[in-house]
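Below: one structure, written as structure tokens.
The values are calculated or read from the model by the stated rules, or taken from the named source; none is laboratory data. Bear in mind that the values here come from a model prediction, so they are computed numbers and not experimental data. We place every Cβ from the backbone using ideal geometry, glycine too, and count neighbours over all the protein chains shown.
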Amino acid sequence: MERVLRMHNNTKSVQEYTSSMILRNVTRSPMRERILDAADRMLARYGYQKTTADDLAREAGIGRRTVYVHFTSKEEIFLASIDRVVERLIDELKRILYSGGSAEERLRRMLEARVLYRFDSVNAYHESLDDMFAVLRGAYLDRRERYLAQEADVFAHVLTEGHRAGVLRAADANKTARTVLLATNGLLPYSLSGRELGSRAEVEEKARQLVELLMEGLRQR
């Protein structure tokens, strides 16, 4: 009976995840996405400080007025770009969560993905991050707690599974989730300068080493 309930709950979770993905894709404005794509390209080309609303409009192939229909300022555009990276990361984490396999293996993959997905998302413009955060850091920090809470909610699911299966030490799944996320924050692009980030291979190796340390501490003895 417990196994049947577990399968039922997992099926329900997958259905809820699929429904949320459909809703998100429907509610995303194609024009808004077009502007954010242009913002990413301009950040790589000119950096935050040198990019203007006129540049963004020209790059997106739209009028300046259209930009302001969707965003109130240049700052809001680039903050929305960061929001989009996190939204897509959450989708990827949920995909791994419901992909099957042991809780331990999925947790490992999710932790590594958390670092590498962000790196890949900003790699084209990571040298411009310092320039951008010199202006936006305060507004970004206001958002960071929300990002952390959203990710922790996903990680808590796999930690709960692992704890119930007797393979992971996570009696308080939400607290453990936040702890492992904070432990990996030091490898995120928004925490490091372009020089400190290094190559993808270097970031991947650092992430693998850190995740192994975390997994060693979480495994049930």
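Condition first: β-branched (Val, Ile, Thr), modelled with pLDDT of 95 or more and either more than 21 Å from Leu218 (Cα to Cα) or over 11 Å from the mean Cα position of the chain (by Cα) (or both). Can you find one or more residues in the stretch 115-130 that meet it?
No: the stretch 115-130 contains no residue that is β-branched (Val, Ile, Thr), modelled with pLDDT of 95 or more and either more than 21 Å from Leu218 (Cα to Cα) or over 11 Å from the mean Cα position of the chain (by Cα) (or both).
Please specify each residue of the stretch 98-107 satisfying the condition of being assigned to a helix (DSSP H, G or I) and out of contact with any Leu (no Cβ under 9 Å at 6 or more places or on another chain).
Kept after step one, since they are assigned to a helix (DSSP H, G or I), are these residues of the stretch 98-107: 103-107.
Hit for the stretch 98-107 is Glu105, nothing else.
What are the residue pairs meeting all of these: first residue in the stretch 29-49, first residue among the aromatic types (Phe, Trp, Tyr), second residue surrounded by fewer than 16 Cβ atoms within 10 Å (Cβ to Cβ) and at pLDDT below 95, Cβ atoms under 8 Å, and 6 or more apart or on different chains?
That search, which allows pairs on different chains as well, returns Tyr48/Val135.
Taking the stretch 186-196, which residues are assigned to a helix (DSSP H, G or I), surrounded by 14 or more Cβ atoms within 10 Å (Cβ to Cβ) and either touching an Asp or Glu at 6+ places or on another chain (Cβ under 9 Å) or at pLDDT 75 or above (or both)?
Residues satisfying the conditions are Leu187, Pro189, Gly194.
Of the residues Ile96, Ile62, Ile82, only one is more than 20 Å from Leu181 (Cα to Cα) and among the β-branched types (Val, Ile, Thr); which?
Values: Ile96 fails: more than 20 Å from Leu181 (Cα to Cα); Ile82 fails: more than 20 Å from Leu181 (Cα to Cα).
Result: Ile62 is the single residue among Ile96, Ile62, Ile82 that is more than 20 Å from Leu181 (Cα to Cα) and among the β-branched types (Val, Ile, Thr).
Among the residues of the stretch 39-61, which ones are surrounded by 14 or more Cβ atoms within 10 Å (Cβ to Cβ), in a loop (DSSP other than H, G, I, E, B) and on the phi < 0 side of the Ramachandran plot? Lay out the reasoning, then the answer.
Applying the first criterion (surrounded by 14 or more Cβ atoms within 10 Å (Cβ to Cβ)) to the stretch 39-61 yields 39-48, 51, 53, 55-60.
Still in the list and also in a loop (DSSP other than H, G, I, E, B): 46-48, 51.
Passing the criteria: Tyr46, Tyr48, Thr51.
Restricting the search to the stretch 64-84, which residues are loosely packed, with under 14 Cβ neighbours inside 10 Å and either within 14 Å of Pro30 (Cα to Cα) or hydrophobic (A, V, I, L, M, F, W, C) (or both)?
Selection gives Val69 alone.
Within the stretch 62-79, can you find the residues that are part of a loop (DSSP other than H, G, I, E, B) and under 13 Å from Glu33 (Cα atoms)? Spell out how you get there, then give the answer.
Quick first cut of the stretch 62-79, residues part of a loop (DSSP other than H, G, I, E, B) only: 62-63, 71-73.
Result: Ile62, Phe71.
Every residue in the stretch 161-180 that is crowded, with 19+ Cβ neighbours inside 10 Å and either part of a helix (DSSP H, G or I) or touching a strand residue (DSSP E or B) at 6+ places or on another chain (Cβ under 9 Å) (or both), please. Even if it seems obvious, please write down each step before you answer.
If we filter the stretch 161-180 for residues that are crowded, with 19+ Cβ neighbours inside 10 Å, which is where we start, we get 161-163, 168, 170, 173, 176-177, 180.
Once the filter is applied, which keeps residues that are crowded, with 19+ Cβ neighbours inside 10 Å and either part of a helix (DSSP H, G or I) or touching a strand residue (DSSP E or B) at 6+ places or on another chain (Cβ under 9 Å) (or both), the stretch 161-180 yields Glu161, Gly162, His163, Leu168, Ala173, Thr176, Ala177, Val180.
Name the residue, out of Ala152, Ala207, that is closer than 20 Å to Leu89 by Cα, free of Cβ contacts under 8 Å to residues at least 40 places away in the same chain and buried (at least 19 other Cβ atoms within 10 Å of the Cβ). Give the derivation first.
On the way: Ala207 fails: free of Cβ contacts under 8 Å to residues at least 40 places away in the same chain.
Checking each option against the conditions leaves just Ala152.
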